[in-house]
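For reference, the structure discussed in these notes is given below.
The values are calculated or read from the model by the stated rules, or taken from the named source; none is laboratory data. Keep in mind that this is a model prediction, so the values were computed, not measured. Don't worry about glycine lacking a Cβ; one is built from the backbone with ideal geometry, like all the others, and counts go over all protein chains shown.
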């Protein structure tokens with residue numbers, strides 16, 4: 001059993017504890033239980049579980065969290081490399097609406 | 001998830017010079033749906049901002065058929081509903097407002113969990129893309145949310161200022177930016193709509209389990225048809241190439257060899273395709289390695305080793321050891337590449353991780369493929 005764990009020590013997630021107000025929004029939005037509240041501040045408890053979705057940083061009002069977010073998708077990386085852009089999953093931005 | 005169509009610009013030519021409100025209204029009025037009520041609606045109700053459709057809370061066979069079709073990639077990019085406000089039951093000014101994407105499956109999942117309740121559903125224009133993917137791109141984002149609230153004149157319809165959003169939209173929606181922007185309070189509900197009744201009955205409290213995404217066997221199995229459909233054309237292309245190549249050999253071009261070596265080659269390509277697009281996703285947690293490319297390579301390698309072992313001490317089902325060696329390189333390379341592309345459909349891979357794995361995997365896959373073809377071709381002349 002190898003489980004559903006991805007590569008170790010690659011994640012770009014950073015938490016600046018000095019800016020954290022302990023509101024707990026990151027815990028609420030994180031889909032992988034990366035954070036917990038310890039002594040009234042957030043702390044990272046499972047860094048390698050982070051998938052860099054960016055929900056925590058997006059909902060951190062004091063800006064204590066930063067992460068180089070994006071889609072963890074090889075096709076997107078390839079598409080981005082071919083088009084010379086950032087990784088993009090080109091997912092249907094609408095081919096034929098109406 | 002890896003989806004592929006191109007951006008051809010704004011829906012209904014909404015010019016970017018228009019004010020956002022007008023643009024949003026125009027988009028909302030653009031009738032992607034036929035004039036008669038859609039099959040998932042059971043009437044309409046009048047509100048201060050006009051007549052809106054009431055939706056059914058039970059899914060019909062037609063809804064299930066639509067879900068099944070998109071899993072096979074049929075009409076997947078056109079499986080959407082018109083953005084705007086919808087009613088569930090007989091909602092009042094105090095009824096909760098749920099927000100979702102205009103991907104029909106997202107909308108279906110939400111409404112099917114609201115049985116016996118009175119609520120409003122605000123559907124954002126996410127270009128027919130599901131909640132998580134559209135939030136990742138920002139189309140399910142703070143701006144679209146604020147624009148849509150204004151477009152449907154939500155403040156005239158409900159007296160409270162709270163919106164319940166799916167948790168996975170937090171990648172695109174910033175609760176504090178919306179709060180600052182127009183005063184609405186964004187509350188993130190559970191990840192899965194199936195947890196919504198318990199969440200609501202508990203007074204809008206999510207358990208830690210409701211907050212976590214999963215990637216169960218069932219979750220992975222439903223993704224396999226689309227993986228297979230998306231790669232099928234490449235399987236056909238590679239098969240044609242190998243069928244043509246297999247005619248070459250000692251003593252000139254031979255049609256018999258196409259039937260023998262050629263069909264065997266198609267079978268090997270089919271095995272590589274199934275190893276990468278079906279078996280790797282299905283067996284994901286049980287395959288050694290963390291990188292998806294490694295997992296895919298293992299499955300492909302295992303398949304060829306079994307075929308060789310079948311005929312030991314000879315080269316198994318193959319003509320000679322060079323042919324066996326060619327497939328020993330080609331099949332793992334192909335299945336590794338296909339499995340690597342499943343990262344986009346998975347729920348736990350990070351972009352940094354995918355980039356790191358690709359730095360090693362892509363050159364390895366290319367080298368193994370090139371070497372495999374050379375070895376296989378040499379084997380044709382032995």
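Find the helices (runs of 4 or more DSSP H) located wholly in the stretch B:170-279 whose residues include 2 or more that are in contact with a helix residue (DSSP H, G or I) (Cβ under 6 Å, 6 or more places away or on another chain), and list them.
Working: elements: B:175-182, B:196-201, B:208-211, B:217-245, B:263-274.
In the stretch B:170-279, the matching helices (runs of 4 or more DSSP H) lie at B:175-182, B:217-245, B:263-274.
Mind checking which residues of the stretch A:28-40 are over 27 Å from residue B:355 (Cβ atoms) and either in contact (Cβ under 8 Å) with a residue 12 or more places away in the chain or not in a loop (DSSP other than H, G, I, E, B) (or both)? Let's see the steps before the verdict.
Taking the stretch A:28-40 first, the residues over 27 Å from residue B:355 (Cβ atoms) are A:28, A:36-40.
Residues satisfying the conditions are A:28, A:36, A:37, A:38, A:40.
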Residue under question is residue B:67, and the condition is that it be under 18 Å from the mean Cα position of the chain (by Cα), in the same structural domain as residue B:50 (by TED's automatic domain parsing) and over 16 Å from residue B:140 (Cα atoms); does it hold? yes
Between B:371, B:361, B:339, B:324, which is away from chain A (no Cβ under 14 Å), under 20 Å from residue B:234 (Cβ atoms) and in a helix (DSSP H, G or I)? B:371
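Within the group A:60, A:23, A:53, A:73, which residue is at pLDDT 95 or above, within 7 Å of chain B (Cβ to nearest Cβ) and either surrounded by 14 or more Cβ atoms within 10 Å (Cβ to Cβ) or in contact with a strand residue (DSSP E or B) (Cβ under 7 Å, 6 or more places away or on another chain) (or both)? Working first, answer last.
Details: A:60 fails: within 7 Å of chain B (Cβ to nearest Cβ); A:23 fails: within 7 Å of chain B (Cβ to nearest Cβ); A:73 fails: at pLDDT 95 or above.
So the residue among A:60, A:23, A:53, A:73 that is at pLDDT 95 or above, within 7 Å of chain B (Cβ to nearest Cβ) and either surrounded by 14 or more Cβ atoms within 10 Å (Cβ to Cβ) or in contact with a strand residue (DSSP E or B) (Cβ under 7 Å, 6 or more places away or on another chain) (or both) is A:53.
Given the residues B:300, B:289, which is the only one that is away from every other protein chain (no Cβ under 14 Å) and under 30 Å from residue B:132 (Cβ atoms)? Walk me through how you get there before you give the answer.
On the way: B:289 fails: away from every other protein chain (no Cβ under 14 Å).
Only one candidate passes the filter, namely B:300.
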With respect to residue B:223, determine if the residue is in the same structural domain as residue B:348 (by TED's automatic domain parsing), within 17 Å of residue B:109 (Cβ to Cβ) and surrounded by 15 or more Cβ atoms within 10 Å (Cβ to Cβ). yes
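Output the residue which, of all residues in the stretch A:38-50 that are surrounded by fewer than 23 Cβ atoms within 10 Å (Cβ to Cβ) and under 26 Å from residue B:215 (Cα atoms), is farthest from the other protein chains (Cβ to nearest Cβ). Working first, answer last.
In the first step, residues of the stretch A:38-50 are kept if they are surrounded by fewer than 23 Cβ atoms within 10 Å (Cβ to Cβ); the result is A:38-41, A:43-49.
Going one step further and asking which of them are under 26 Å from residue B:215 (Cα atoms), we end up with A:43-49.
On the way: A:43: 16, A:44: 14, A:45: 12, A:46: 11, A:47: 11, A:48: 9, A:49: 7 Å.
In this case the residue turns out to be A:43.
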Considering (1) touching a residue at least 24 places away in the same chain (Cβ under 8 Å); (2) at positive phi, say which one residue B:343 fails and leave the rest. (2)
